Amino acid sequence: MDDCIFCQIVDGEIPSRTVHEDDDVLAFLDANPLAPGHTLVIPKSHHESLNDLPADVGSEVFAAVHALTPAAEAAVDAPASTVAFNNGEAAGQEVPHVHAHIVPRFEADGGRPIHALVSDRPDLSDDELDDIAAAMRA
Ligand SMILES: [Zn+2]
């Protein structure tokens, strides 16, 4: 994808502070970090969202996330981290190339948990929950 900024990073056309690279995965520091050590982990091949990501590539991405999360925390002496994907534009995904965020977290850093993602939580009935679970199992 010629106009994809992350593909351009993979190709070396845009510099990045690489922290990990293997055959399938690249990880680098976010250029506009939410915290020191904020790291992005991407598949080298262009896939827009998790929904498009082949399972084997997804496994490699997760293996890198798994290894780099404690490394990012240790590098900046953080006691915790938030690890997340914004999956799709409606979820706030800004670059349409799958990427995991590893955001080191600190006591009283002013950040919020995943539970604070939405301010207007749905009030779902048992039937609605059952229907959603059934649709996912189907
Ligand atoms: Zn791309």
Out of curiosity, is ILE102 modelled with pLDDT under 95, more than 15 Å from the ligand (Cβ to nearest atom) and out of contact with any Lys or Arg (no Cβ under 6 Å at 6 or more places or on another chain)?
no
When LEU68 is run through (1) open to solvent by less than 50 Å² (accessible area, probe 1.4 Å); (2) in a loop (DSSP other than H, G, I, E, B), the failure sits at (2)
Look at region 115-138 and say how many of its residues are in a helix (DSSP H, G or I), at pLDDT 95 or above and hydrophobic (A, V, I, L, M, F, W, C).
6
Out of the residues in region 1-56 that are among the hydrophobic types (A, V, I, L, M, F, W, C) and assigned to a loop (DSSP other than H, G, I, E, B), which is farthest from LEU68 (Cα to Cα)?
MET1
Does region 110-127 include one or more residues that are away from the ligand (no atom under 16 Å from the Cβ), in contact with an Asp or Glu (Cβ under 9 Å, 6 or more places away or on another chain) and closer than 24 Å to ILE9 by Cα?
no
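Give me the residue from region 71-89 that is more than 16 Å from the ligand (Cβ to nearest atom) and within 15 Å of the chain's Cα centre (by Cα) and, out of that set, surrounded by the fewest Cβ atoms within 10 Å (Cβ to Cβ). I'd like the intermediate steps shown before the answer.
In the first step, residues of region 71-89 are kept if they are more than 16 Å from the ligand (Cβ to nearest atom); the result is 71-84.
From the residues that got through so far, the ones that are within 15 Å of the chain's Cα centre (by Cα) too are 72, 81-84.
Working: ALA72: 24, SER81: 22, THR82: 17, VAL83: 16, ALA84: 14.
Applying the filter and picking the extreme gives ALA84.
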Taking the residues in region 30-53 that are open to solvent by 50 Å² or more (accessible area, probe 1.4 Å) and touching a strand residue (DSSP E or B) at 6+ places or on another chain (Cβ under 6 Å) as candidates, determine which candidate is nearest to HIS101 (Cα to Cα).
LEU34
Scan region 1-58 for residues that are of a type in the set (S, T, N, Q), within 27 Å of PRO79 (Cα to Cα) and within 14 Å of the ligand (Cβ to nearest atom) and jot them down.
SER16
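The values are calculated or read from the model by the stated rules, or taken from the named source; none is laboratory data. These numbers come from a predicted model, not from an experiment. All Cβ positions, even for glycine, are placed from backbone atoms using ideal geometry, and neighbour counts span all protein chains on display. The protein model used for the area step is the full one, side chains on, heavy atoms only, and it has no ligands, DNA or RNA in it. Shrake-Rupley method; radii C 1.70, N 1.55, O 1.52, S 1.80 Å.
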